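The values are calculated or read from the model by the stated rules, or taken from the named source; none is laboratory data. It should be emphasised that the depicted structure is a prediction, and the values quoted were computed from it without experimental measurement. All Cβ positions, even for glycine, are placed from backbone atoms using ideal geometry, and neighbour counts span all protein chains on display.
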Amino acid sequence: MPSSFLRRVRPFFLITDIGFLAYWAITALHALPPSWLFKDYDQSLAVAWNWSFLPLDLFVSATGLGSLALARKRPQVAVRLAVLSLVLTSCSGLQAIAFWAARCDLDIGWWLPNLYLLLYPLPFLAMFVRTETPALAVRSTR
């Protein structure tokens with residue numbers, strides 16, 4: 001299971017985790033044109049809200065890319081890191097979607113990437129639970 005699971009999740013991790021790193025570099029450099037920024041981006045509370053995601057997103061990237069780096073040498077550890085990364089990625093997307101929904105701000109340019117973050121991990125997490133639950137049950141009876 002570890003190698004097939006990690007092989008399937010690999011392209012998503014590369015896109016998402018490198019995307020997070022690129023997003024934060026671009027944000028830090030103020031390289032996005034103002035027309036691409038979300039509503040009220042110039043307000044200090046919105047800026048603080050956005051930057052509050054930095055630690056979570058960096059942790060997502062570290063666990064995702066770390067799982068890929070460990071895939072061959074420590075596959076069991078790599079799978080655990082991958083699952084952690086998937087859960088945190090979905091949480092990141094959910095928090096952003098909840099914020100936009102609470103504000104009734106339906107800018108598709110911000111909803112789509114965050115819906116991706118919320119939803120893409122779910123099939124992989126279901127796959128993990130489906131394949132690992134029987135193994136966990138066997139271990140717990142010993």
Matching residues in region 82-123 - criterion: being in contact (Cβ under 8 Å) with a residue 24 or more places away in the chain and part of a loop (DSSP other than H, G, I, E, B): Arg103, Asp105, Asp107, Tyr120
Residue tally, condition modelled with pLDDT under 90, surrounded by 15 or more Cβ atoms within 10 Å (Cβ to Cβ) and hydrophobic (A, V, I, L, M, F, W, C), over region 1-48: 3
Within region 106-122, the residues that are surrounded by fewer than 17 Cβ atoms within 10 Å (Cβ to Cβ) and under 24 Å from Thr63 (Cβ atoms) are Leu112, Pro113, Leu115, Tyr116, Leu119, Leu122
In region 32-45, what residues are outside any helix (DSSP H, G or I), among the hydrophobic types (A, V, I, L, M, F, W, C) and without any contact (Cβ under 8 Å) to a residue 24 or more places away in the chain? Leu32, Leu37
Give the residue, chosen from Leu112, Leu86, Leu58, that is hydrophobic (A, V, I, L, M, F, W, C) and more than 10 Å from the chain's Cα centre (by Cα). Leu112
Has region 16-31 got at least one residue that is over 22 Å from Leu112 (Cβ atoms), more than 15 Å from the chain's Cα centre (by Cα), assigned to a helix (DSSP H, G or I) and not hydroxyl-bearing (Ser, Thr, Tyr)? yes
Filter region 63-74 for residues that are buried (at least 17 other Cβ atoms within 10 Å of the Cβ) and part of a helix (DSSP H, G or I); the one that is farthest from the chain's Cα centre (by Cα) is Leu70
Given the conditions (1) hydrophobic (A, V, I, L, M, F, W, C); (2) under 17 Å from Gln95 (Cβ atoms); (3) touching a residue at least 60 places away in the same chain (Cβ under 8 Å), and given that Val79 satisfies all but one, which numbered condition is not satisfied? (2)
